[in-house]
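For reference, the structure discussed in these notes is given below.
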Amino acid sequence: MKKDKYYAIAENMYVEKFITVAEIARRIGVHERTIKRWKKDGDWSGKRKEFIEHFSLSKEDTFIQAKYMLQSFNVDLQNNHNIEPSRIYKFTNLLESVVRKEKEPMNIESFIRTIEKRTNIDKDIIDKIVDNLTDSD
């Protein structure tokens with residue numbers, strides 16, 4: 001049964017990686033209606049909200065969430081998947097949240113470099129992510 005095999009994967013993709021229902025369905029080969037049903041039955045929207053709230057407590061938590069998202073972007077880029085606009089939007093919201101907490105103005109490149117210093121993500125992948133983010137402007 002596909003639910004046994006893919007439910008947890010799909011839930012993680014939606015809740016923690018901010019991947020859309022349509023993209024989840026495409027990636028794991030399950031009909032979009034099935035993913036929508038799982039989302040409703042499992043209260044994935046509520047779980048996503050809790051996940052976001054968990055990481056929105058402090059600037060350090062925001063960096064942790066940004067690191068997690070960058071790692072997710074890294075995996076997608078290595079697997080030749082596009083980074084969805086909704087995920088880029090979420091990431092830019094994180095950027096704005098950090099900028100509001102900073103005393104000095106921070107642009108996207110300096111934010112990425114701060115994340116780069118706190119992670120072990122390859123510089124080439126960071127550069128691809130920066131290019132992807134700046135192309136969406």
Alpha-carbon Rg with Dmax, taken over the range 59-99, Å: 10.6, 31
Proxy reagent accessibility, fewest Cβ within 10 Å first, across 14, 6: 6, 14
Residue 130 versus residue 37: modelled label distance in nm, points set 7 Å from Cα along the beta carbon direction: 4.6
Virtual spin-label span in nm between residue 12 and residue 50, 7 Å along Cα→Cβ: 1.8
25 Å Cα-Cα threshold exceeded, pairs from 49/128; 17/39; 5/67; 40/67; 67/123: 49/128; 5/67; 40/67
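Each reported figure results from applying straightforward, stated rules to the coordinates on display, with no laboratory input. The model shown is predicted, which means the values in this text are computed figures rather than measured ones. Because the Cβ atoms are built from the backbone with ideal geometry, glycine has one as well, and the counts that use them run over all protein chains shown.
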